[in-house]
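Below: the structure, in structure tokens.
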Amino acid sequence: MNSDNVFFFDGHGGPGRLQFSASSDQFMTAKTNSVYPYLQGSNGQLADTVLAVYMSCNSATLDDTYGNVAYQSFVEGVDMSLGWTNTITSGQSDYWSGRFWYWLDEGCSVKIASQRATSDTNTAYGGNPGGMDSVVCRSNGNCAMTIDPARAGV
Amino acid sequence: MTKINLSKLISIVIGLSLILTCSAAAMVPDNQNSKSLLSNGPVVTTAKENIQKFTGSPVDAINGITLMKTYDGYVYQVITATDNVYDINIKTGMVEAAMIQMGNDYSVKGKDISSMKAVADAFVEEHYTNFANKKMTLVRSQVIDHGDMGKEYVFSWNAKSGEAYTLSSASVSFFPDDNTLYYHGTDRELLVDTIPKLPQDDAQKIGERAFNMGSEAETQSRLVVIPSGESQKLAWIVDTVEYDKEGIANGGSVTVDAISGEVLSTNPFN
């Protein structure tokens, strides 16, 4: 991912892991382990990534063995890593992501885009955010950076 | 154990995302705004009037207006020159969502949660027209930690009819670090009887069957009124979850008609 600035995962996950197959048990985990590929110790491969969004259930929840995906992503060098601390439903998450990218495209910071996407999801779903209000951002600052205009190569 | 091949990962993720997006597309509202309506003079004028009714003060310049679909209709989403955002119901003219910088009247900086609750009460009583008449009850009072995006303080109310949560609800969220406030309020006339024919236990079994849940499933449900075209339906929202050996949540949310027992929609976990 050396030259990529934005990374977006949309799929199943659990505390400390993301699932990469619909029917089998193929995962990527946050922390080093002896079973699955992992993020920890990526040797700077993620350092050029400004934003990573891990849109899955509990992607910002700590597991004693596998770690915390959003947090580990930040530790590995991603400027801003978004995850969720609750289960999230596919209807609301799909809607949320559409609104999130829309607000980023409008020039909002990641923080404001996230807040507004959650608000829009509440509006669209009659006050039921489907867990999307459990979003967490890990960064060096307060996730107030924008990604538009793009900063590739900076 | 080898480290992950990230280039390979990207292609897998893109493929998986496309599959999930396509499969879910039919069950969600359109999440794209329409083209700008800023050149539509009557719409701009009406929007300004509606926002002024809500805020009680003249509206600054408007930077953008688009049409946005919701679960029971459409709103104009208006962005002002001071970067406040208002969602206005196109049928009623009511402001049903607001994302605004807090003025001195509603500042919560440095306040504890009970003091924030008092501010939230004052805001919702002032801005939700029928708050007292609807006999709204507090259903949520929560602090959400968004990590480096700060904390959010959420207060939500809902009007009930018998045991059913109706479509009339309100919420106020504070982000004290940013001095911002998010408001949502919908006021809908109740159009259906709220006594279910389908018992709650039966609804939960129907919900569990919809996701082929196992014996370890944790299931809960609530009786709600939902929009149905120009009318409404009484339904059970059944939330069921079961974790597999890898900690992945199976299940989701099922909407079951509380009169007929029909499954109206399913919304699986991501």
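Miscellaneous remarks
- Cross-link partners for B:K205 among the lysines, with Cα-Cα distance under 21 Å and sequence neighbours closer than 8 places in the same chain left out: B:K197, B:K233.
- Average beta-carbon neighbours from other chains, 10 Å sphere, peptide B:232-244: 1
- Gap separating the Cα centres of region A:89-154 and region A:38-70, nearest whole Å: 18 Å
- Residues whose placed amide H lies under 5 Å from that of B:S168, excluding near-sequence neighbours: B:A159, B:R188
- Kyte-Doolittle mean at least 0.5, axial Cα span of 24 Å or more - DSSP H helices of chain B: B:6-24
- Within 10 Å of the Cβ of each residue in B:40-48, the mean number of Cβ atoms contributed by other protein chains is 0.
- For region B:80-159, the per residue solvent-accessible surface stands at 48 Å², with DNA, RNA and ligands left out and a 1.4 Å probe.
- The mean number of Cβ atoms from other chains found within 10 Å of a Cβ in peptide B:62-75 is 2, as a whole number.
- For the chain pair A and B, the interface hides roughly 5400 square angstrom of accessible area in total, found with a 1.4 Å probe.
- Each peptide among B:120-132, B:181-193 gets the average number of other Cβ atoms lying within 10 Å of its residues, and from highest to lowest they stand as B:181-193, B:120-132.
- Computed per residue of the protein assembly as shown from DSSP H runs no shorter than four, each worth -39500 (n - 2.57), the mean residue ellipticity at 222 nm is -7500 deg cm²/dmol.
- Here the translational diffusion coefficient of chain A follows from Stokes-Einstein with Rh set to the Kirkwood radius across Cα pairs; for 4 °C and 1.567 mPa s it amounts to 84 µm²/s.
- Accessible area of chain A belonging to carbon and sulfur atoms, whole % at 1.4 Å probe: 46 percent
- Sequence-ordered 3J(HN,Hα) estimates for region A:104-117 from the Karplus curve with 6.51, -1.76 and 1.60 and θ = phi - 60° stand at 4, 5, 7, x, 6, 5, 4, 4, 5, 4, 5, 4, 6, 5 Hz, glycine and proline given as x.
- What the phi angles of region B:133-140 give under the Karplus curve with 6.51, -1.76 and 1.60, with θ = phi - 60°, is a coupling list of 5, 7, 6, 5, 10, 5, 10, 8 Hz, glycine and proline written as x.
- 3J(HN,Hα) along region B:227-243, derived from phi through the Karplus expression 6.51 cos²θ - 1.76 cosθ + 1.60 where θ = phi - 60°, amounts to x, 8, x, 8, 10, 9, 9, 9, 9, 9, 9, 9, 9, 10, 9, 8, 9 Hz, with x in place of Gly and Pro.
- With 18 Å as the limit on Cα-Cα distance, the pairs of B:K117/B:K151; B:K53/B:K91; B:K111/B:K134; A:K31/B:K151; B:K135/B:K160 that go past it are B:K111/B:K134; A:K31/B:K151.
- Per the Cα gyration tensor, region B:50-139 maps to an equivalent ellipsoid with semi-axes of 24, 18, 12 Å, ordered largest to smallest.
The values are calculated or read from the model by the stated rules, or taken from the named source; none is laboratory data. Here the structure is a predicted model, which is why all the values come from computation and not from measurement. Quick reminder, even Gly has a Cβ in these numbers, built from the backbone with ideal geometry, and neighbours come from all protein chains shown. All accessible areas refer to the heavy atoms of the entire protein, side chains included, with ligands and DNA or RNA removed. Shrake-Rupley method; radii C 1.70, N 1.55, O 1.52, S 1.80 Å.
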